[in-house]
1. Are any residues in the range 65-81 open to solvent by 40 Å² or more (accessible area, probe 1.4 Å) and of a type in the set (A, V, I, L, M), and if so, which ones?
2. Scan the range 37-48 and report the pairs whose first residue is without any contact (Cβ under 8 Å) to a residue 12 or more places away in the chain and whose second residue is surrounded by 16 or more Cβ atoms within 10 Å (Cβ to Cβ) and part of a helix (DSSP H, G or I), with Cβ atoms within less than 8 Å and a gap of 6+ or a chain change.
3. Working only within the range 55-86, note down all residues that are small (Gly, Ala, Ser) and touching a residue at least 12 places away in the same chain (Cβ under 8 Å).
4. Quickly run through the range 30-64 and pick out the residues that are open to solvent by 60 Å² or more (accessible area, probe 1.4 Å) and among the aliphatic types (A, V, I, L, M).
5. Considering only the range 37-86, give the helices (runs of 4 or more DSSP H) lying wholly within it that have at least 1 residues that are under 20 Å from VAL23 (Cβ atoms) and at pLDDT below 95.
Amino acid sequence: SPAVATTVVQEYQRHLKGSQNKVLSEKEIETLKRIAAGQTTKEIAFAMRVSTKTVETHRSNLMAKLEINTIAGLTKYAIREGLTKL
């Protein structure tokens with residue numbers, strides 16, 4: 001029906017517009033991949049050769065940019081975006 005088609009198109013456009021505002025840095029993407037892989041903050045810090053505070057900052061920035069409030073949410077986002085696999 002036209003009403004359903006309009007809603008679908010509007011939601012798709014909203015999704016595209018939201019994706020454009022979510023520009024992540026390379027370090028944030030690497031952090032996100034490692035979070036989704038189940039690594040701890042200490043493990044991520046060691047692997048990336050940064051402090052745990054830096055990892056926490058990257059995670060905080062990811063959550064703010066993506067409007068996601070949990071590690072599980074970040075993991076689901078990474079899977080959905082093809083950044084990691086199950």
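1. Result: ILE71, ALA72, ILE79.
2. Close Cβ pairs satisfying both conditions: GLU43/ARG34; ALA45/THR54; ALA45/VAL55.
3. Result: ALA78, single match.
4. ALA37, ALA64, listed by residue number.
5. 52-66, 71-80
The values are calculated or read from the model by the stated rules, or taken from the named source; none is laboratory data. Here the structure is a predicted model, which means the values were calculated and not measured. Cβ atoms come from the backbone with ideal geometry, glycine included; neighbour counts cover every protein chain shown. Remember, those area values only see protein heavy atoms, side chains included, never the ligands or the DNA or RNA. Shrake-Rupley method; radii C 1.70, N 1.55, O 1.52, S 1.80 Å.
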